[in-house]
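Engineer: Got a structure here, written out as structure tokens. Questions coming.
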Amino acid sequence: MTVAELLERISSAELTEWMAYEQITGPLGPERLDVLHSILAATVSNAARAKGRKAVPKDFMPQWDQGSGRAGDWQQMLATVTTLNVRLGGTDQRTGVAS
């Protein structure tokens, strides 16, 4: 599905909210394929590398936010969502103004 097709089905504001949600919680979709891919990447890396330090799956695992070390400051979250909405050409539903 292209971005244009996606935006025909949902608003850019909703897409922005899903992007922010995924950034905090980790990937959407089939359960933890990121873990399986990191295991595969470590295996391939170890097969191709010379003797020495071996790669571990953690070396290839994306670091999802999970709220670690940050308070849930709603103003910062709103600023992030607003910025993403602007970048995607969305409309601010609070004001009705196109970004």
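Engineer: Across segment 1-58, which residue is modelled with the lowest pLDDT among those that are of a type in the set (S, T, N, Q) and closer than 27 Å to residue 87 by Cα?
Structural biologist: 25
Engineer: So which residues in segment 37-54 are part of a loop (DSSP other than H, G, I, E, B) and exposed (fewer than 10 other Cβ atoms within 10 Å of the Cβ), if there are any at all?
Structural biologist: Matches in segment 37-54: 50, 51, 52, 53.
Engineer: Here's a follow-up. Looking at (1) in a loop (DSSP other than H, G, I, E, B); (2) at pLDDT 85 or above; (3) open to solvent by less than 100 Å² (accessible area, probe 1.4 Å), find the lone condition where residue 95 falls short.
Structural biologist: If we test residue 95 against (1) in a loop (DSSP other than H, G, I, E, B); (2) at pLDDT 85 or above; (3) open to solvent by less than 100 Å² (accessible area, probe 1.4 Å), just (2) comes out false.
Engineer: Hey, can you tell me all the residues within segment 1-36 that are open to solvent by less than 70 Å² (accessible area, probe 1.4 Å), farther than 23 Å from residue 64 by Cα, not in a helix (DSSP H, G or I) and not small (Gly, Ala, Ser)?
Structural biologist: The one that is open to solvent by less than 70 Å² (accessible area, probe 1.4 Å), farther than 23 Å from residue 64 by Cα, not in a helix (DSSP H, G or I) and not small (Gly, Ala, Ser): 10.
The values are calculated or read from the model by the stated rules, or taken from the named source; none is laboratory data. None of these values were measured; they are calculated from a predicted model. All Cβ positions, even for glycine, are placed from backbone atoms using ideal geometry, and neighbour counts span all protein chains on display. Ligands, DNA and RNA are excluded from the accessible area calculation, which covers all protein heavy atoms including side chains. Shrake-Rupley method; radii C 1.70, N 1.55, O 1.52, S 1.80 Å.
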